[in-house]
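The values are calculated or read from the model by the stated rules, or taken from the named source; none is laboratory data. The structure displayed is predicted, hence computed values, not measured ones. Using ideal geometry, Cβ is built from the backbone for each residue, glycine included, and neighbour counts are taken over all protein chains shown. All accessible areas refer to the heavy atoms of the entire protein, side chains included, with ligands and DNA or RNA removed. Shrake-Rupley method; radii C 1.70, N 1.55, O 1.52, S 1.80 Å.
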Amino acid sequence: MPQVNSLIGLLDSRSFMTIWYWLALVGMWSATGRSVLGVPTEVLARASAAQAAGQAEGAAVITLLDWLSLVLPRWQLDTREGALFLAVTSFLLSSLAVLGFVFWLEMAQAMVLLLVPFWLLFWMRIRLARRLVPLVEAAQDGQMELSQVAARAVHLMSWHRRWVTLMSMVAIALTVLWGTLWAIMHPNGL
């Protein structure tokens, strides 16, 4: 029979003092960097390379536009859905922030440091999707050439990927700094 004390020790709620929190933090950011709106970064890289090689309407570009036509409908929110999601998530995150930084609950602080950057990332993705939808629709209707649509899409997605990379570095650095300060202020985990 497994020891209950060992299980409690394994699932300890002292976030900054356990390896599980740091593995979750790095794992989540690592998984986030592998795609842009669900489009694998390899597809984006191939389309960018094809454009640089002068194959503006090649198979790699068509593949990127196919991915976008499949993925973009998932990222569309109407005004009511967006307002409701914003209100609920803002309430939950501000509640966690109050619990963490006013009442000094370590788990709430850890959750705020983990979730707020992903909340911002969600809204960045919604914004990117809103900018890409008219491009894909223009390509489907024949209003713009595929080369123009692909060039603009690659440009927007590449900049989004750069901002996500920068945000991940800043988020991890701030979390490490705050976790270190917490460990210094609470050497015994209390």
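Evaluated with a Cβ-only charge set (Lys, Arg +1; Asp, Glu -1), region 9-159 carries a dipole of roughly 240 debye about its Cα centre, given to the nearest 20. Maximal additional length on extending the LEU177-GLU137 stretch stands at 9.9 nm, based on 0.36 nm per residue less the C-alpha distance. Per-atom-type breakdown for the chain gives carbon and sulfur 67% of the accessible area (1.4 Å probe, protein chains only). Which listed residue (THR175, GLY58, THR79) has the Cα farthest towards the positive end of the charge dipole for the chain, taking +1 on Lys and Arg C-beta and -1 on Asp and Glu C-beta about the Cα centre? Most positive-ward Cα: THR175. Heavy atoms of the protein chains alone define the surface here; on that basis the chain has 61 Å² accessible area per residue at 1.4 Å probe size. The charge dipole of region 109-157, taken about the Cα centre with unit charges on the Cβ atoms of Lys, Arg (+1) and Asp, Glu (-1), comes to about 240 debye, rounded to the nearest 20. Using R0 = 25 Å, the C-beta based FRET efficiency linking ILE126 and SER95 works out to 0.65.
Under a 5 Å amide H cut-off, with hydrogens placed 1.01 Å from N, VAL36 pairs with THR41 among residues at least 5 apart or on other chains.
Multiplying the residue separation of MET28 and ALA83 by 0.36 nm and subtracting their alpha-carbon distance yields 17.2 nm.
Computed from Cα atoms, the angle from the helix 79-101 axis to the main principal axis of the chain rounds to 30 degrees. Toward the positive end of the charge dipole of the chain, with +1 on the Cβ of Lys and Arg and -1 on the Cβ of Asp and Glu, the farthest Cα among MET144, HIS160, THR41 is that of HIS160. As I understand it, the value is the acute angle between the Cα axis of helix 19-32 and the longest principal axis of the Cα atoms of the chain; what does it come to in degrees, rounded to 10? Roughly 10 degrees, rounded to the nearest 10.
Given PHE91, ILE184, MET124, which one lies farthest toward the positive end of the charge dipole of the chain, if we put +1 on the Cβ of every Lys and Arg and -1 on the Cβ of every Asp and Glu? Result: ILE184.
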